[in-house]
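The values are calculated or read from the model by the stated rules, or taken from the named source; none is laboratory data. Note that the structure is a prediction, hence the values are computed from the model and not measured. Because the Cβ atoms are built from the backbone with ideal geometry, glycine has one as well, and the counts that use them run over all protein chains shown. When the accessible area is computed, the model is the full protein with side chains, heavy atoms only, and any ligands, DNA or RNA have been set aside. Shrake-Rupley method; radii C 1.70, N 1.55, O 1.52, S 1.80 Å.
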Amino acid sequence: MGRTRTPVVSGWFTEEAPDGGGFRLLGTRCSACTAVFFPREDAYCRNPRCPGGEMAEVPLSARGRVWSCTDGRYRPPAPYVSDPAAPWEPYTLVAVELEAEGMVVLGQAAPGVTVADLAVGSEVEVVPGVLYEDADTTWTTWRFRPVGGAR
Ligand SMILES: [Zn+2]
């Protein structure tokens with residue numbers, strides 16, 4: 001039997017955006033001040049100058065520009081949970097500026113993408129990723145990769 005694909009965090013992204021645009025992060029937008037929030041804020045608008053509006057789910061831009069990036073080349077100490085017997089896989093963390101939303105979102109780069117592939121200001125797109133797998137479940141997340149694919 002195949003594994004079930006399950007988002008590691010429910011409601012933060014969708015495999016198929018309502019506009020047909022494929023994989024997208026999901027935020028919420030305030031009906032009063034149009035501020036967009038990610039991670040999503042469903043209870044109330046956090047803009048201190050806003051009189052308060054209805055929060056509605058909105059897919060975020062599929063593409064943005066690298067604002068900053070870094071990589072993790074060693075295992076973080078406790079209380080970070082990891083298996084010391086497993087080999088440590090370096091990963092790349094990227095902050096992506098979404099111009100339309102006026103925000104910077106964080107995520108890991110797609111496998112094989114390094115800081116050398118992510119010049120500040122270069123265009124990246126959000127793509128589906130796998131955080132980890134166990135016997136029954138593929139836990140899905142989001143990743144960023146350079147537009148045009150990783151080199
Ligand atoms: Zn608002």
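Laid out as a table, the results:
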item: Test: residue in the range 52-66 that is farther than 23 Å from GLY11 by Cα and open to solvent by less than 90 Å² (accessible area, probe 1.4 Å); result: yes
item: The range 120-131: number of residues that are touching a residue at least 24 places away in the same chain (Cβ under 8 Å), of a type outside the set (D, E, K, R) and open to solvent by 60 Å² or more (accessible area, probe 1.4 Å); result: 3
item: Filter result (out of contact with any strand residue (DSSP E or B) (no Cβ under 6 Å at 6 or more places or on another chain) and open to solvent by less than 40 Å² (accessible area, probe 1.4 Å)) within the range 34-46; result: ALA35
item: Index of the failed condition, ARG29 passing every other in (1) of a type outside the set (Val, Ile, Thr); (2) open to solvent by less than 80 Å² (accessible area, probe 1.4 Å); (3) within 25 Å of THR140 (Cβ to Cβ); result: (2)
item: Conditions (1) at pLDDT 95 or above; (2) surrounded by 11 or more Cβ atoms within 10 Å (Cβ to Cβ): number failed by ARG49; result: (2)
item: Test: residue in the range 4-11 that is assigned to a strand (DSSP E or B), modelled with pLDDT of 90 or more and surrounded by 14 or more Cβ atoms within 10 Å (Cβ to Cβ); result: yes
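Here's the yes/no breakdown for (1) part of a strand (DSSP E or B); (2) within 15 Å of the ligand (Cβ to nearest atom); (3) out of contact with any helix residue (DSSP H, G or I) (no Cβ under 8 Å at 6 or more places or on another chain):
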position: ALA17; (1), (2), (3): no, no, yes
position: GLY21; (1), (2), (3): no, no, yes
position: THR34; (1), (2), (3): no, yes, yes
position: ARG46; (1), (2), (3): no, yes, yes
position: ARG75; (1), (2), (3): no, no, yes
position: SER82; (1), (2), (3): no, no, yes
position: ALA85; (1), (2), (3): no, no, yes
position: VAL96; (1), (2), (3): yes, no, yes
